[in-house]
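Below is one structure, written out as C-alpha cells; the observations come after it.
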Amino acid sequence: MAKKILVTGGTGYIGSHTVVVLQEAGYEVLIIDNLSNSSIDVIEGITRITGIRPVFEKVDCTDMDGMRAFFEKYPGIDGIIHFAASKSVNESVRKPLLYYRNNIVSLLNILELMPEFNVKGLVFSSSCTVYGEPDKNPIDEDAPIKPATSPYGNTKQINEEIIRDYIHSGAPIKSIILRYFNPIGAHPSAEIGELPIGEPQNLVPYITQTAIGIRPYLKVFGNDYNTPDGTCIRDFIDVMDLSRAHLVAMDRILEDKSDEKMEIFNLGTGRGVSVMELIRVFEKVTGKPLNYQIVGRREGDIEQIWANPEKANKVLGWKAETPLEETLTSAWKWQLKLRERGIM
Ligand code: NAD
C-alpha cells in the first residue's frame, strides 16, 4: 500500500511542486493549507500534471483541535513535510508576533501530534538565512549559526532548536532539516509556479512581472558590494530540483537509511550567481531586454552566499541539475500562463 505523506503548506510554492514529485514517486499525498498565501486553484494544477487529485483540507496548523481532527479523519500518515509558515522577511519585521505565533505554534502542534498518531518522519523547511552573512563561501552545514537579522529568520533558528531538543528528549520521531538557498522557477508544464500575492519580495517574480509590464522596472539594490560586478550573489536553485530533495529525504527517513535521528542538509547548486548575471541570463533566454535601475542597498541584505551541497550530494545522493537557463525559461513560461489565464 502506498505510504501516506501529509504536506502542510502544500498549495504554496515549494509545497505544490513537492506534492507533484511525491505523487509521481507513488506516495499518497494529503495537503493541509490555510490558503493565507496560496490559492485553492493550485490543486487543479497539480491534478492536471499528475492525474491524481490530492486530499485537501483547509486547516490552520496553529489550530490544535483542527489538526487533531485531521489526523483522526485520515489515519495512517507515515510522514510530514512541513512547509506551512509565513515567509516574508520584511513583513516579519513589521509583524513579529504574527511570525512567531504562526511559525512556532504550527511546528509545536505538529510535533505534539506526531507520536500521538504514530507519525514517524518530519522533513522541515529551513533556510540559509540561519547562516547570516557567512565568513566564507561556499557554506557547509557546520558553519556557525549567526544571530538572526529578522523575526522570520529567528523563527527558522528556533524551529530547528525545537526539533533538536524534542528529538534529544527521546521523542519517537526522525527528522531531516533542509536549509534551502534561493528557490526559483516553476514546473516545466507551467501548471504550477510561484504566485506572489501583492508586490513580489523575491527577485525572479519581480523580474518576470517587470518583463511582462506589471512593474515599470526592477530595482537592483546596490552595485557597490564587494563582488565581481558589485551586485549581491545568491545560490539560485530550481524548484523542481529542490522538490526532489524532499522526496529523497522522506525516503531516507521512512526506509530507515540512517541511524541519525536528526540530519541537516544544505540545498543549493554550489554556484554563486550575481543579480546582474541572473538578469543577463533572463534576457538571453527570453530575448527581452529588462528594464532595471540600480538603487541603494536594501537594509538587511546579505552580500554573498552560496551553498556547499556536498553533504546532500553524497549522503542523500541528490544533486541540483537543472541549468539556470532552463529554470528561468520555466519562470517566464509560468508568467505567460498567468497572463493567458488573466490572473496577472
Ligand atoms: P508559500 O507562502 O508559497 O507556501 C507556504 C504555504 O503555507 C502557503 O500556501 C500558506 O497559505 C500556507 N500557510 C502559512 N501558514 C499556515 C498555517 N498556519 N496553516 C496552514 N497553512 C499555512 O512559501 P514557500 O516559498 O513555498 O515556502 C515554503 C517553506 O519554505 C516555508 O516554510 C518557507 O519559510 C521556507 N523557505 C522558503 C524559501 C523561499 O525562498 N521561497 C527559502 C527558504 C525557506
* Structure fact -> Ordered by number, the chymotrypsin sites (Phe, Trp or Tyr not before Pro) in region 194-290 that occupy a DSSP loop and have at most 12 other Cβ atoms within 10 Å are Tyr217
* In Å, what Rg and Dmax follow from the Cα atoms of region 221-344? -> 17.7, 52
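Please give the calculated 222 nm ellipticity per residue for the chain, where each DSSP H segment of at least 4 residues contributes -39500 (n - 2.57) and the sum is spread over every residue; nearest 500 deg cm²/dmol?
-11000 deg cm²/dmol
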* To do: Among DSSP beta bridges whose residues both lie in the chain, state the antiparallel percentage, nearest 5.
  => 5 percent
* **Translational diffusion of region 1-158, µm² s⁻¹ [Kirkwood Rh, Cα pairs; Stokes-Einstein; 20 °C; 1.002 mPa s]** => 130 µm²/s
* Structure fact -> Along region 218-226, Karplus-curve 3J(HN,Hα) (6.51, -1.76, 1.60; θ = phi - 60°) to the nearest Hz, with x for Gly and Pro, reads 8, 8, 9, 7, x, 10, 10, 7, 7
* Asked: Once amide H atoms are built 1.01 Å from N in the peptide plane, which residues 5 or more positions from Leu30, or in another chain, come under 5 Å H to H?
  -> Ile5, Leu6, Val7
* **Built amide H within the under 5 Å cut-off of Gly270, gap 5+** => Ala307
* Structure fact -> Calc'd 3J(HN,Hα), region 161-178, phi into Karplus 6.51 cos²θ - 1.76 cosθ + 1.60 (θ = phi - 60°), Hz, glycine/Pro = x, comes to 5, 4, 4, 4, 5, 5, 5, 4, 6, x, 4, x, 9, 10, 9, 10, 9, 10
* Asked: Can you list, bin by bin at 20 Å, the percent of alpha carbon pairs in the chain, starting at 0?
  -> 31, 61, 8
* Cα-only Debye scattering, region 7-70: base-10 log of I(q)/I(0) at q = 0.15, 0.16, 0.21 Å⁻¹ -> -0.41, -0.46, -0.76
* Structure fact -> Here the tail fraction of P(r) beyond 20 Å, over all Cα-Cα pairs of region 185-283, rounds in percent to 54 percent
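So which GluC sites (Glu not before Pro) in region 251-292 pass both tests, a DSSP loop state and at most 10 other Cβ atoms within 10 Å of the Cβ? Let's see the in-between values first.
Details: sites: Glu255, Glu260, Glu263, Glu277, Glu283; in loops: Glu255, Glu260.
Qualifying residues, ordered by number: Glu255.
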* In whole Hz, with x marking every Gly and Pro, tabulate ³J(HN,Hα) for region 6-12 from phi via Karplus 6.51 cos²θ - 1.76 cosθ + 1.60, θ = phi - 60°. => 8, 10, 7, x, x, 9, x
* Structure fact -> Taking placed amide H atoms and a strict 5 Å upper bound, the residues 5 or more places from Ile184 or on another chain that come that close are Ile237, Asp238, Val239
* Asked: Among 173-182, 21-30, what's the highest-first ranking by average C-beta atoms within 10 angstrom per residue?
  -> 173-182, 21-30
* Which lysines have a Cα lying under 17 Å from the Cα of Lys333, excluding residues fewer than 8 positions away in the same chain? -> Lys284, Lys288
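Quick note: the coordinates plus some simple rules give every number you see, no bench work behind them. As the structure is a computational prediction, the values presented were derived from the model and not from experiment. In this analysis, Cβ positions are derived from the backbone assuming ideal geometry, glycine residues included, and neighbour counts consider all displayed protein chains.
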